[in-house]
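A.B. asks: Below: one structure in structure tokens.
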Amino acid sequence: MSEIKINRRLFIGGALFVVSATGLVGCASDEGDVEHIAKGGQFFNAKELTTLHDVSELMIPVTATPGAKDAQVAAVIDALMLSWASETTKALFRDQLAAFDGLARGAYNKDFLKLPRDARFSILEDVDKVAFSNEEAIDSAGYRHLKEIIFHVYYTSEQASKDYVPVPGRYAGNLTLSEYETLMQENAYGR
């Protein structure tokens with residue numbers, strides 16, 4: 001996998017959304033083990049959110065540690081689409097989520113979310129192999145970027161990090177030295 005380049009703004013923005021993201025409203029699926037999201041999010045519609053939620057959970061399942069579902073990965077990414085993502089990234093992610101249906105129909109004649117877990121996981125494995133075997137391939141860029149964000153959001157979440165510390169305080173820009181020193185004293189750890 002290529003080196004992940006994350007600037008300070010993306011890191012802090014992702015961390016803040018992990019703290020403040022609202023939970024997804026879901027319900028049990030009639031098709032089996034897919035947890036369908038009943039309501040659209042801030043950016044993605046209900047089907048896109050369900051696909052994102054499922055793909056995230058297939059990549060980072062609950063084991064002895066929390067999974068992507070526990071860290072609200074899909075909700076955080078949904079919120080990031082409004083505050084962080086460029087129009088290109090938004091289109092790339094939407095296209096990638098739709099591509100999972102196309103691949104499922106081609107292989108199984110069913111939508112991705114109507115497949116059993118093993119078949120969905122198999123599709124994800126195949127996409128992963130192709131996407132990372134040729135990193136120059138344009139059609140793999142959406143998947144690689146989506147996977148990178150899923151893992152970034154997960155590993156910067158409170159659920160995944162033992163050393164998680166939310167960014168304290170509020171934003172206060174353009175302070176005088178006196179105001180800054182007062183703020184630092186008020187918010188110092190260990191005092």
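A.B. asks: Is region 38-174 rounded, prolate or oblate when judged by the Cα gyration tensor, a ≥ b ≥ c being the square roots of its eigenvalues, rounded requiring a/c under 1.5 and prolate requiring a/b larger than b/c? Present the calculation step by step, with values, prior to reporting the outcome.
C.D. replies: Numbers: a/c = 1.77, a/b = 1.53, b/c = 1.16.
It is prolate, given that a/c is not under 1.5 and a/b is the larger ratio.
A.B. asks: Right, next: Within a 10 angstrom radius of the beta carbon, how do His53, His145 rank from fewest other beta carbons to most? All intermediate terms of the calculation are to be shown ahead of the outcome.
C.D. replies: Details: His53 27, His145 17.
Ordered from fewest to most neighbouring Cβ atoms within 10 Å, His53, His145 come out as His145, His53.
A.B. asks: Enumerate the calculated ³J(HN,Hα) couplings along region 148-160 in order (Karplus 6.51 cos²θ - 1.76 cosθ + 1.60, θ = phi - 60°), each rounded to whole Hz, writing x wherever the residue is Gly or Pro.
C.D. replies: Going residue by residue, I get 4, 5, 4, 5, 4, 4, 4, 6, 9, 8, 4, 5, 8 Hz, with x marking Gly and Pro.
A.B. asks: Another question about this same structure. Rank the residues Leu183, Leu58, Leu115, Leu80 as a footprinting-exposure proxy: fewest other Cβ atoms within 10 Å of their Cβ go first. Could the numbers behind the result be given before it?
C.D. replies: Details: Leu183 14, Leu58 17, Leu115 20, Leu80 23.
Least crowded to most crowded, the residues run Leu183, Leu58, Leu115, Leu80.
A.B. asks: Determine, for Arg144, Arg94, Arg120, Arg105, the number of other Cβ atoms within 10 Å of each Cβ, and report the residues in order from fewest to most.
C.D. replies: Working: Arg144 19, Arg94 16, Arg120 25, Arg105 13.
Starting with the residue having the fewest Cβ neighbours, the order is Arg105, Arg94, Arg144, Arg120.
A.B. asks: Report, by chain and number, residues whose modeled amide H sits under 5 Å from the one on His36, excluding near sequence neighbours (fewer than 5 apart, same chain).
C.D. replies: Here the answer is Cys27, Ser29, since their amide H atoms fall under 5 Å of that of His36.
A.B. asks: Where Lys and Arg each count +1 and Asp and Glu each count -1, what net charge lies around Val55 among other residues with Cβ under 9 Å from its Cβ? Walk me through the numbers before you get to the answer.
C.D. replies: Details: positive: Arg120, Lys147; negative: Asp54, Glu57.
After counting each charged neighbour, the total is 0.
A.B. asks: Provide the net charge surrounding Lys39, with neighbours chosen by a C-beta distance below 15 Å and charges set as Lys +1, Arg +1, Asp -1, Glu -1. Don't skip to the end; give the middle numbers.
C.D. replies: Numbers: positive: Lys47; negative: Glu35, Glu48, Asp78.
In short, -2.
Coordinate-derived values only; no laboratory data. Just so you know, these numbers come straight off a predicted model, no measurement behind them. Reconstructed Cβ throughout: ideal geometry from the backbone, glycine too, with neighbour counts over all protein chains shown.
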